[in-house]
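Worksheet: one structure, shown below.
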Amino acid sequence: MRIGVSLASFHDVDDARDGARFMVERTRAAAEAGLELLSVGDHHITGRPYYQNAAILGRLLADWDDRPAGCLYLVPLWPAVLMAEQIGTLASIADGPFVAQTGLGGPASESAAMGVDHRTRISRYEETVLVVRALLAGETVSSERLRIVDARISPTPPQPAQWWIGAGADVALDRAARLGDTWYAGPNLEPAEATERLAYFQAACERQGREPPCLPIRRDVFVAASAEDARRTGDELIAAGYRGMSGEAAVYGSPDQVADRFSRLGDIGFTDVIVRQMAVPQALAVESYHLLGEVRALLA
C-alpha cells in the first residue's frame with residue numbers, strides 16, 4: 001500500500017502568500033515522511049484563495065524529488081492545447097513521472113465563467129482527453145469538435161504521463177476503463193460502495209482488455225499522536241458537516257488506527273491511498289504529514 005498526498009489548495013488567509021507558504025511547508029513534510037505522490041487540485045472562481053495547479057506545482061517541485069507528481073484537471077474547462085503544454089512543461093520540470101488526475105468539472109457556474117457550455121461537458125471531456133494524450137505523445141492533432149487544426153506541442157513528457165480518471169456511475173467507470181490508465185476513486189465512498197465500484201471498474205477493464213497499473217483512492221485524513229486527540233478533532237469536523245462526508249469515509253486516528261484503516265482499503269483491492277489533510281490548523285496538518293511516515297512504516 002502506497003501513500004500519496006493531494007494538497008489542499010484552498011486556504012482562507014488574509015495574506016495570499018501565507019496560503020502558498022502553507023502548501024510549501026506541507027510538501028516538505030510529505031517529502032520527509034516518504035510519501036509517494038505529490039498532487040494538487042483544480043478549481044476556478046472560488047471567491048477565496050485557491051492556488052492554481054500548474055503555477056503552484058511548479059513551485060512545489062523544488063521541494064520534491066523523483067517520486068511521481070501531478071495535477072488534477074477539470075478537463076472540460078481547459079483548452080486542450082493549453083492543458084497539454086502545461087503537462088509537458090511540468091513533466092519536464094519534475095524529476096519523476098507525471099500523473100494527470102482528471103474530472104468532469106464542478107457546477108454550471110464554473111463552466112460559465114470559463115466560457116464552456118456545461119451541457120456538453122461529457123463529450124468535451126472525452127475529446128479533450130484523447131487530444132491531450134495524442135499531443136503528449138508527440139503527434140500532430142486536429143479536432144473538429146475542439147476547433148484544433150494541425151497542433152503539435154513541445155516539450156512533451158520525458159516519460160509517458162499516467163492518467164487517473166475520476167468516476168462514480170457505471171457509464172463513467174466504463175469511460176475510465178476505456179480512456180484512462182486507471183480509476184481514481186473519490187473521497188466520499190464508504191467501504192461497501194468502494195468495494196462494489198472497484199469490482200465494476202475491474203470488470204470494465206477486463207472487457208477492454210486492459211490492466212490498470214495501480215488502483216488509487218483518495219481519503220480525507222487526520223493523524224495525531226493521541227487517538228483521543230484525533231477522535232476529538234475528527235468527530236467535531238464530521239459533526240459540523242465536513243465536505244458532506246461520513247466517519248466511514250474520512251480517516252482519523254493514531255498512526256496505528258490509520259494504518260489499520262488503510263490496510264482495510266488494501267484488502268478491498270486498492271493499491272494507493274491519496275491523502276488530503278482534513279481542515280485543521282497548519283501546525284496540526286504538518287504534524288499529521290510527519291505521522292503519516294509512521295503509518296507508511298507500519299504498512300510496510
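The values are calculated or read from the model by the stated rules, or taken from the named source; none is laboratory data. Here the structure is a predicted model, which is why all the values come from computation and not from measurement. Ideal geometry is used to build each Cβ from the backbone, glycine not excepted, and the neighbour counts take in all protein chains shown.
For the range 241-267, filtered to residues that are charged (D, E, K, R) and in contact with an Asp or Glu (Cβ under 9 Å, 6 or more places away or on another chain), the residue that is modelled with the highest pLDDT is D256. Among the residues of the range 87-111, those that are surrounded by fewer than 21 Cβ atoms within 10 Å (Cβ to Cβ), part of a helix (DSSP H, G or I) and modelled with pLDDT of 95 or more comprise T89, S92, I93.
Taken over the range 202-245, the criterion of being more than 17 Å from S288 (Cα to Cα), β-branched (V, I, T) and either in contact with a Pro (Cβ under 8 Å, 6 or more places away or on another chain) or not in a helix (DSSP H, G or I) (or both) is satisfied by I217 alone. Condition check for V116 on (1) farther than 25 Å from L7 by Cα; (2) outside any loop (DSSP other than H, G, I, E, B); (3) at pLDDT below 95: one failure, at (2). The number of residues in the range 17-60 being of a type in the set (G, A, S), buried (at least 16 other Cβ atoms within 10 Å of the Cβ) and over 24 Å from H290 (Cα atoms) comes to 1. For the range 184-224, the set of residues classified as within 19 Å of M245 (Cα to Cα), within 18 Å of the chain's Cα centre (by Cα) and not charged (D, E, K, R) consists of Y184, A185, G186, P187, N188, L189, A194, P216, I217, V221, F222, listed by residue number.
Can you tell which of Y73, Y125 is assigned to a helix (DSSP H, G or I), in contact with a strand residue (DSSP E or B) (Cβ under 9 Å, 6 or more places away or on another chain), buried (at least 17 other Cβ atoms within 10 Å of the Cβ) and among the hydroxyl-bearing types (S, T, Y)? Answer to the check: Y125. Among the residues of the range 209-249, the ones that are surrounded by 15 or more Cβ atoms within 10 Å (Cβ to Cβ), small (G, A, S) and in contact (Cβ under 8 Å) with a residue 60 or more places away in the chain come to 2 in all. Of all the listed residues (S226, S254), the sole one being among the hydroxyl-bearing types (S, T, Y) and touching a helix residue (DSSP H, G or I) at 6+ places or on another chain (Cβ under 6 Å) is S254.
Here is a check on your reading of the model: is G4 outside any helix (DSSP H, G or I) and closer than 30 Å to L298 by Cα? In short, yes.
Scanning the range 262-281 for residues that are touching a strand residue (DSSP E or B) at 6+ places or on another chain (Cβ under 9 Å), within 22 Å of Q202 (Cβ to Cβ) and either of a type in the set (V, I, T) or outside any loop (DSSP other than H, G, I, E, B) (or both) yields F262, L265, G266, I268, T271, D272, V273, I274.
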